[in-house]
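What follows is one structure encoded as structure tokens, with my remarks underneath.
The values are calculated or read from the model by the stated rules, or taken from the named source; none is laboratory data. As the structure is a computational prediction, the values presented were derived from the model and not from experiment. As a convention, Cβ positions derive from the backbone with ideal geometry for all residues, glycine included, and neighbour counts pool all protein chains shown. What goes into the accessible areas is simple: the full protein's heavy atoms, side chains included, and nothing from ligands, DNA or RNA. Shrake-Rupley method; radii C 1.70, N 1.55, O 1.52, S 1.80 Å.
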Amino acid sequence: FGVVKRQWKIVRELSEYSLKTQSLIPLAIAVLHNIILVYDPPEGPAQLPDVRDLLAPNDKGDVVPSAGISNAESACALERRDKIAEEMWQDYIQELDRRG
């Protein structure tokens, strides 16, 4: 995400757009970023590796980084991801209950 933030001013600065428009910006930037990589790839050794080469499914089927990250770090990250997802789900359920 840091690479994208450096390249796209709209991500770095406070947005004046509606939340609906803001929610579409990351997708638009990802599409534009990928188009640029296809039609105007960086020259020389600075080219980024294919992300598919850096990810591999673990024994649970989760796709996890496979380059330079220990199993313990990966397990910790997956646990944290699941905790965040559960908290988000609980917030969502509470909001639905609040709205009736």
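Find out how many positive minus negative residues lie around Lys5, taking Lys and Arg as positive, Asp and Glu as negative, among other residues whose Cβ is under 12 Å from that of Lys5.
+2
Given +1 on the Cβ of Lys and Arg, -1 on the Cβ of Asp and Glu, and no further charges, what dipole in debye does the range 1-42 carry about its Cα centre, rounded to the nearest 20?
So the dipole magnitude of the range 1-42 works out to roughly 120 debye.
How much accessible surface does Asp82 have with a 1.4 Å probe, in Å² rounded to 10?
Asp82 exposes around 80 Å² with every protein chain in place.
Going by accessible area, probe 1.4 Å, with all protein chains left in place, what is the ranking of Glu16, Glu95, Glu86, Glu79, largest first?
Glu16, Glu79, Glu86, Glu95
Could you report the range 1-42's accessible area per residue, 1.4 Å probe, as an integer in Å²?
Spelled out: the 1.4 Å probe surface of the range 1-42, per residue, equals 87 Å².
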